[in-house]
Amino acid sequence: MSDVIPFGKPLIGDEERNAVMEVLAGPILVHGPRATEFEQAFAAFTAAPHAVSVSSCTAGMHLIYFTLGLGAGDEVIVPAQTHVATAHAVELTGAKAVFVDAEEATGNIDIAAIEAAITPQTRAIAVVHYLGVPVDMPQVVAIARRHNLFLLEDCALAPGAKVDGVHVGLWGDAGVFSFYPVKHMTTAEGGIIILRDGELAQRLRLLKAFGVDRTHGERKVPGVYDTVALGFNYRMSEIHAAIGIEQVKKLPGFLQQRAENFAALAIALADVPGLRVLPQPMDSHRHSCHYCLGALLDEAIQEKRPAIITQLKAQGIGSSVYYPQPVPRMTYYREKYGYDESRYPNAARISDGLIALPVGPHLQPEQMVTIADGLRAILTGLF
């Protein structure tokens, strides 16, 4: 049966459907004005000087590293607790992802361990705002500047998240967002890069579109252009951008509903045995948009997670895990670089013991009680 309370569900209305139909009724499906309009809208939402739309968050990260000229012999510091795309974007350039363990309380990269991982081959640091909770960016910025390293923020789970009033993605040299269907907002598929450096933004625009020197609108003779650099086809289509334009308008409301649901679920889970809520409450100057709530099971019962998730499913309650393994433990990385479990205890603990619970705007606070009651009934039977 389908979940009564699905883990995620894109909220697509008539506004998005009408916008897509307008694109389909017109002559331009790519290279058009809607991608530019979406960039401007998302830049306005984040207060970013520049925004570059791309086909996915992964494409955006890869494009940045490619633009920096990363290759064999280079290294990038990457969190062990993240989606594999964060590391793949490095590997695709021929560079090496060097993993750092997570903080126990947030799942974010262990800032205290970053400098020990830096070598003469290190070119960049990547941080991930895990579950939408911002990394303590002033500390990481200080490290990156001290070692003259590029700082990339993987903001796939963090639209709306800020540190000291500054949107994530604008603390480092670039931030990349994901618009996968169950994220805070969607373009069906796609991503965007925000940054302050205008020259880098122009370079990214060039390389995301084959390295071609003139856009369609700039060509005096149709079809006549030059290719001045090696590039990719990482563009966002007009269809995806049209959805994004409407979704950005709704994003503040989506975030508010998420925050209300997160608070309600955290309260409802407070007395449930055998788990603690992740992320933990943050300092007052840091804001999380709460992508989802993580129920971290006690170590004594974490091996029962598959059975617990199955029982939640039987009650119509959707859930997920974030993420199934520390990235360095996954087969590709383990076989290529080896795996020392003593180096990533917190990432392993979170990956192996966390159940991600839904708080998206497709749900209401009263459904958070249903989720908590269902989990309470299951866990009470284990004690």
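Here, each number is a calculation from the coordinates, and none is a lab measurement. These numbers come from a predicted model, not from an experiment. Glycine gets a Cβ as well: all are built from the backbone with ideal geometry, and neighbour counts include every protein chain shown.
For the chain, the share of DSSP beta bridges that are antiparallel, to the nearest 5, is 60%.
Applying a length cut-off of 27 Å (Cα extent along the axis) and a mean Kyte-Doolittle floor of -0.5 to the DSSP H helices of the chain leaves 238-268. Computed over the range 14-247, relative contact order equals 26 percent, with contacts defined as Cα pairs under 8 Å that lie 6+ residues apart.
The residue among Ala270, Ser237, Pro252 whose Cα reaches farthest toward the positive pole of the charge dipole of the range 222-276, with charges on the beta-carbon of Lys, Arg, Asp and Glu, is Ala270.
The residue among Gln202, Phe179, Ile143 whose Cα reaches farthest toward the positive pole of the charge dipole of the range 139-237, with charges on the beta-carbon of Lys, Arg, Asp and Glu, is Gln202.
Starting with the highest mean, order 121-130, 343-352 by the number of other Cβ atoms within 10 Å, averaged over the residues of each peptide.
Result, highest mean Cβ count within 10 Å first: 121-130, 343-352.
For the peptides 142-153, 306-317, residues were scored by their other Cβ atoms within 10 Å and the scores averaged per peptide; the highest-first order is 142-153, 306-317. Placing unit charges on the Cβ atoms only, positive for Lys and Arg and negative for Asp and Glu, gives the chain a dipole magnitude near 500 debye about its Cα centre. Projecting the Cα positions of Tyr333, Gly374, His362 onto the charge dipole of the range 330-379 (unit charges on Cβ atoms of Lys, Arg, Asp and Glu, taken about the Cα centre) puts Tyr333 furthest along the positive direction. PRE reach from Tyr332 (point 7 Å along Cα→Cβ): which of the range 103-143 fall under 19 Å by backbone N? Within reach of a label on Tyr332, which here means backbone N under 19 Å from a point 7 Å along Cα→Cβ, the range 103-143 contributes 126-128. Shape call for the chain from the C-alpha gyration tensor, a ≥ b ≥ c root eigenvalues: rounded (a/c under 1.5), prolate (a/b greater than b/c) or oblate? Since a/c reaches 1.5 but b/c is at least a/b, the shape of the chain is classed as oblate. Once you've got the Cα coordinates, tell me which of Lys162/Lys250; Lys250/Lys304; Lys9/Lys336; Lys162/Lys336 are over 29 Å apart. Beyond 29 Å between Cα atoms: Lys250/Lys304; Lys9/Lys336; Lys162/Lys336.
Close amide-amide hydrogen proximity is noted between Leu151 and Ile125, Asp173, Ala174, each under 5 Å apart and 5 or more residues distant or on a separate chain (H modeled in the peptide plane; Pro and chain starts excluded). For the range 141-194, the share of DSSP beta bridges that are antiparallel, to the nearest 5, is 65%. Per-residue ellipticity at 222 nm from helix content only, as computed over the chain with -39500 (n - 2.57) for each DSSP H run of at least four residues, stands at -11500 deg cm²/dmol. Consider a paramagnetic label point 7 Å from the Cα of Val166 along Cα→Cβ; state which residues of the range 97-134 have an amide N under 19 Å from it. Inside the label zone: 109, 111-112, 124-130, 133-134.
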